[in-house]
Structures are given as structure tokens and as C-alpha cells.
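The values are calculated or read from the model by the stated rules, or taken from the named source; none is laboratory data. All figures in this text were calculated on a predicted structure; none of them were measured in a lab. Virtual Cβ from ideal backbone geometry, glycine too; neighbours counted across all protein chains shown.
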Amino acid sequence: MRRGGFTTGADLFAALGAVAARRPRDAFGRPSGDDRDHYAAQWLAAAVYLDGTEAALGRGLWHG
């Protein structure tokens, strides 16, 4: 993404990966602990960015 000029997206997805990697797991590998809000917020930020980027690219194709 970074090479394609989507530096914000690359940063958001790197942060999402870092938050996901730090999430504690139970004996079965399922996420556990109190970090759900931070993970959800980071996931939502990445999803909103992706939605906005997709919309902007679509407008660029139609109006280009």
C-alpha cells in the first residue's frame, strides 16, 4: 500500500496488525482480555479509511 501511495492506509493496517498481535489469547487461541475496545477502534478506523478510499477511487474512474 505504501508503494502505491496509500501511506495512511498502510499505517492504519500496520497498527491493526500490531494491536491484533498484542491481544491476549486463552488456552484455545481465542482472543481474551479487556483489549476489545482498542482492537475494535483500530479495525473501525481501517474499515472507514478503506470505504472512503474505495469511494474516492470510484469517483475518480467515473469522473476521470
* Residue list for the stretch 4-30, filter: of a type in the set (D, E, K, R), part of a helix (DSSP H, G or I) and more than 22 Å from residue 56 (Cα to Cα) -> 22
* **Residues of the stretch 38-64 satisfying the condition of being modelled with pLDDT under 85 and of a type outside the set (Gly, Ala, Ser)** => 61, 62, 63
* Asked: Out of (1) without any contact (Cβ under 8 Å) to a residue 12 or more places away in the chain; (2) hydrophobic (A, V, I, L, M, F, W, C); (3) not in a helix (DSSP H, G or I), what's the single condition that is false for residue 1?
  -> (1)
* Asked: Would it be correct to say that residue 11 is at pLDDT 90 or above and acidic (Asp, Glu)?
  -> yes
